[in-house]
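Inspection log for the structure reproduced underneath, given as structure tokens.
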Amino acid sequence: MSAMQACHGHNEACCNIPPVVTSGYSPKGSFTEYDGLKTYVTGPDDATKGIVVIYDIFGYFDQTIQGADILATSDDTKYKVFMPDWFKGEPCPIEWYPPDTDEKKKNLGAFFSKNPPHGVAEKLPAFVKTLSAKHPNIKSWGIIGYCWGGKVVSLITKSENNPFSIGAECHPAMVDPEEAKGIKVPLILLASKEEPEDKVKEFEQNLSVPKHVETFKDQVHGWMAARGDLKDERVKSEYVRGYKTVLEFFGKNWK
């Protein structure tokens, strides 16, 4: 276990990130099914707080699954973590990114049309209700989303049907400062160098809830999920710092 120093004004939190595996990661959790969705589940059974993870468009990747395990094992607070497969086995091929050809752009456009973030946001209240029925010891829910999933977090946390007490967005796609005005729960947003700086700044200004917004200025969109090259020591260290920052924020602001 390697404790990292608190950064950017954070207090030192009671969390230690386990050594990050650069390749060939072995998941600590297992897969089960809720509401017909294959779901990766990790964390202690006696947890009273649950986290729903909304993966990026590339679905289940080792980096994202390892991130779920980090959230479930690194803090004194116990979290049970759930990552459903909204794409039902048909994620976006990672070879389509970055969209630097007309064909890739066309393919990505079709994928987003088939899998709009608002569609998942609308299904989340019922999904959390199912999780709560299966895990009655969990009394409070948080959500974390990557890229496409970050957009889902914005949409659900501003919804009147929002079931979550706290939210996190990591390198979110389609940042819309107007959505920040309606968000009702504490929110952390960690941006990469590829998110529009002006929109991230305006998003932060529009948040009226406890917040932490930070840009990891030398990281690519996706470094905390599928596009994180953990064999690169700089990416690996910022991957760790990203998860530590999320855990610190959750620890201080999840009541």
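Show the residues, 5+ positions off or on another chain, whose built amide H is closer than 5 Å to the amide H of residue 142.
Counting only residues 5 or more places away or on other chains, the set is 50, 51, 52, 165.
Taking neighbour counts of Cβ atoms within 10 Å as a proxy for exposure, in what order, fewest first, do 102, 85 appear?
102, 85
Hey, can you rank 125-136, 151-162 by average C-beta count inside 10 Å, highest first?
The most tightly packed comes first, giving 151-162, 125-136.
Please give me the summed charge of the neighbours of residue 66: other residues whose Cβ is under 13 Å from its Cβ, Lys and Arg +1, Asp and Glu -1.
Residues close to residue 66 contribute a combined charge of 0.
Quick one: Karplus J couplings for segment 127-141, per residue in order, coefficients 6.51, -1.76, 1.60, θ = phi - 60°, nearest Hz, x for Gly and Pro?
Going residue by residue, I get 5, 5, 4, 5, 4, 4, 5, 7, 10, x, 6, 7, 9, 8, 10 Hz, with x marking Gly and Pro.
Sticking to Cα atoms, compute the Rg of the chain to one decimal and its Dmax as the biggest Cα-Cα distance, whole number, in Å.
Expressed in Å, the Cα Rg and Dmax of the chain come to 16.8, 49.
Enumerate the calculated ³J(HN,Hα) couplings along segment 115-124 in order (Karplus 6.51 cos²θ - 1.76 cosθ + 1.60, θ = phi - 60°), each rounded to whole Hz, writing x wherever the residue is Gly or Pro.
Each residue's phi maps through the Karplus curve to give 10, x, x, 5, x, 6, 4, 5, 8, 5 Hz.
Which net charge results for the neighbourhood of residue 135, defined as the other residues with beta-carbon distances under 9 angstrom from its beta-carbon, given Lys and Arg at +1 and Asp and Glu at -1?
So the surrounding residues net to +1.
Once every DSSP H run of n ≥ 4 in the chain is given -39500 (n - 2.57) and the sum is divided by its residues, what mean residue ellipticity at 222 nm do you get, rounded to the nearest 500 deg cm²/dmol?
-11000 deg cm²/dmol
What's the magnitude of the charge dipole for the chain around its Cα centre, counting Lys and Arg as +1 and Asp and Glu as -1 at the beta-carbon? Answer in Debye, nearest 20.
Value, rounded to 20: 640 debye.
Can you compute the charge dipole magnitude of segment 64-196 about its Cα centre, using +1 on each Lys and Arg Cβ and -1 on each Asp and Glu Cβ, nothing else charged? Give it in debye, rounded to the nearest 20.
Roughly 560 debye for segment 64-196.
Which listed residue (63, 140, 24) has the Cα farthest towards the positive end of the charge dipole for the chain, taking +1 on Lys and Arg C-beta and -1 on Asp and Glu C-beta about the Cα centre?
Going by the Cα projections, it comes out as 140.
Provide 148, 223, 141, 96 in ascending order of the number of other Cβ atoms located within 10 Å of each residue's Cβ, fewest first.
Sorted ascending by nearby Cβ count, the order is 96, 141, 148, 223.
If we count every other residue with Cβ under 12 angstrom of residue 92's Cβ, Lys/Arg +1 and Asp/Glu -1, where does the sum land?
Summing Lys/Arg as +1 and Asp/Glu as -1 gives 0.
Describe numerically, in nm with one decimal, the distance between label points set 7 Å from Cα along Cα→Cβ at residue 21 and at residue 122.
Calculated label separation equals 3.8 nm.
Arrange the peptides 23-32, 202-211, 179-188, 65-74 so that the one whose residues have, on average, the most other Cβ atoms within 10 Å appears first.
65-74, 179-188, 202-211, 23-32
Taking every Cα atom in segment 35-74, find the radius of gyration and the maximum pairwise distance Dmax, and write them in Å.
Using the Cα atoms of segment 35-74, the pair Rg, Dmax is 10.8, 31 Å.
Using each residue's phi in segment 247-252, evaluate 6.51 cos²θ - 1.76 cosθ + 1.60 at θ = phi - 60° and report the 3J(HN,Hα) Karplus result to the nearest Hz, with x for Gly and Pro.
Once rounded to whole Hz, the list reads 5, 4, 5, 4, x, 8.
If we sort 230-237, 86-93 on the protection proxy, mean other Cβ atoms within 10 Å, highest first, what's the order?
86-93, 230-237
No value in this document is a laboratory result; all are computed from the given coordinates. Bear in mind that the values here come from a model prediction, so they are computed numbers and not experimental data. As a convention, Cβ positions derive from the backbone with ideal geometry for all residues, glycine included, and neighbour counts pool all protein chains shown.
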